[in-house]
1. Residue under question is residue 105, and the condition is that it be part of a strand (DSSP E or B) and within 20 Å of residue 202 (Cβ to Cβ); does it hold?
2. Provide a single number: the residues in region 81-133 that are β-branched (Val, Ile, Thr) and under 18 Å from residue 54 (Cβ atoms).
3. Which of (1) within 14 Å of ligand 2 (Cβ to nearest atom); (2) free of Cβ contacts under 8 Å to residues at least 24 places away in the same chain does residue 243 not meet, given it meets every other one?
4. Against the condition surrounded by fewer than 17 Cβ atoms within 10 Å (Cβ to Cβ) and either part of a helix (DSSP H, G or I) or of a type in the set (A, V, I, L, M) (or both), how does residue 98 come out, does it pass?
5. Do we have any residue at all in region 41-52 that's touching a residue at least 40 places away in the same chain (Cβ under 8 Å), closer than 23 Å to residue 174 by Cα and not in a loop (DSSP other than H, G, I, E, B)?
6. In the set 88, 143, which member is within 15 Å of ligand 2 (Cβ to nearest atom) and either among the charged types (D, E, K, R) or surrounded by 18 or more Cβ atoms within 10 Å (Cβ to Cβ) (or both)?
Amino acid sequence: MAQSVLLTGAAGRVGTAILGGLADEHEWRLLDRDPPTDDHPGEFVVADITDRETVREAMDGIDVVIHLAGDPRKTAPWKSVLTNNIDGTQTVYEAAIDAGVEKVAFASSNHAVGAFETEERTPEMYRTDDDYLLDGTELPRPGNLYGVSKVTGEALGRYYHDEYGISVVNVRIGNLTEGHPPIDYERGQAMWLSYRDCAHLFDRCIRADYDYEIVYGISDNDRKYYSIERAREALGYEPQDNSAHHD
Ligand SMILES: NC(=O)C1=CN([C@@H]2O[C@H](COP(=O)(O)OP(=O)(O)OC[C@H]3O[C@@H](n4cnc5c(N)ncnc54)[C@H](O)[C@@H]3O)[C@@H](O)[C@H]2O)C=CC1
Ligand SMILES: O=C1O[C@H](COP(=O)(O)O)[C@@H](O)[C@H](O)[C@H]1O
């Protein structure tokens, strides 16, 4: 069934991948601080994600929020992640609870657990014959302040789920690259997420029933060091792409 979905950060790369696959599947309201440059489905709200009043208004009549807006740089300074990623995500949850939204899908990141990639484990863990696998039950282990902000976003979701019952899925997105996996970058090939698998994964976040989940958002890559079993089980994720199928 089509849902009313608010997509924050809609003008970015992940938003483009989602809308590229799902524009006709749901009723969209888009939000970004950058105005749209192309045709887009639904209404577009130009606003900062920390603008509490406007974010609350944008949630009127919304069933599901996909929250992407934030600073995506792994080198982002504390001031930026504190404002855009942490305060912005708390603003989204407060508004979602107030508006009676059913589900929030949060764009977390591989960088929430980046420090598991120790010198002893790399580069072997990026290779097909290595069986090292993170499955989402491990403790967070960020390797930069951007990763800290994503762990904090996951914790905010835990709190708002436990306190108010809202359904929350944290998608630890790998490396979204259009058309083909990253070239000459083993780590990126291991955690590649194709555009079509990205759209399908977030479609499952919109449609599936869940309580509180942490899943990895990668394609079905032979090289993987993130398990996609929880995404399959909890969401019904069925990826079609594999970085091994590209030269
Ligand atoms: N692209 C990737 O491979 C990965 C992305 N992610 C996460 O997914 C989300 C989207 O990432 P991308 O699309 O790659 O980044 P992007 O930079 O292409 O898109 C982010 C969008 O959010 C908007 N935005 C940023 N701060 C905002 C604010 N304060 N208020 C309103 N809008 C704001 C920007 O204008 C931009 O359109 C981010 O939260 C990022 O951390 C996580 C892991 C991997
Ligand atoms: O969280 C993110 O991760 C991806 C992949 O990380 P990288 O270390 O392979 O670059 C990154 O491209 C993206 O910008 C970031 O938001």
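1. So residue 105 passes the test.
2. 7
3. (2)
4. Taking the combined requirement at face value, the residue satisfies it.
5. Scanning region 41-52, I find no residue that is touching a residue at least 40 places away in the same chain (Cβ under 8 Å), closer than 23 Å to residue 174 by Cα and not in a loop (DSSP other than H, G, I, E, B), so the answer is no.
6. 88
So that you can scan it fast, the table gives a plain yes or no per residue for (1) buried (at least 20 other Cβ atoms within 10 Å of the Cβ); (2) over 14 Å from the mean Cα position of the chain (by Cα); (3) farther than 18 Å from residue 18 by Cα:
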position	(1), (2), (3)
201	yes, no, no
211	no, yes, yes
216	yes, no, no
230	no, yes, yes
239	yes, yes, no
245	no, yes, yes
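Conditions (1) in contact with a Gly (Cβ under 9 Å, 6 or more places away or on another chain); (2) in contact (Cβ under 8 Å) with a residue 60 or more places away in the chain; (3) part of a helix (DSSP H, G or I); (4) within 18 Å of residue 182 (Cα to Cα), marked per residue:
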| position | (1), (2), (3), (4) |
| --- | --- |
| 202 | yes, yes, yes, no |
| 222 | no, yes, no, yes |
| 232 | no, no, yes, no |
| 238 | no, no, no, no |
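The values are calculated or read from the model by the stated rules, or taken from the named source; none is laboratory data. From a predicted model like this one, the values you see are computed outputs, not experimental measurements. A quick note on method: Cβ atoms are made from the backbone with ideal geometry, for glycine too, and the neighbour counts reach across all protein chains shown.
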